[in-house]
Amino acid sequence: MKQAAFVLGIIATILSVIATLGVAWLYIEKKVRYITTDDNVQ
């Protein structure tokens with residue numbers, strides 16, 4: 001039973017890390033796209 005909880009904890013940690021990286025990637029991509037389009041306007 002301890003091992004099952006341990007595995008579930010690892011899976012939850014991995015999922016949260018993936019979610020955080022995904023959000024950060026979207027945020028950075030939007031920032032970069034905004035900066036580049038801003039440069040193109042000027």
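The values are calculated or read from the model by the stated rules, or taken from the named source; none is laboratory data. The model shown is predicted, which means the values in this text are computed figures rather than measured ones. For neighbour counting, all protein chains shown are included, and Cβ atoms are generated from backbone atoms with ideal geometry for every residue, glycine included.
Remarks
- Neighbours by Cβ (under 6 Å, 6+ apart or cross-chain): first from the range 26-42, assigned to a helix (DSSP H, G or I); second modelled with pLDDT of 80 or more: none
- Restricting TYR27, TYR34 to those that are modelled with pLDDT under 85 and surrounded by 10 or more Cβ atoms within 10 Å (Cβ to Cβ) reduces the list to TYR34.
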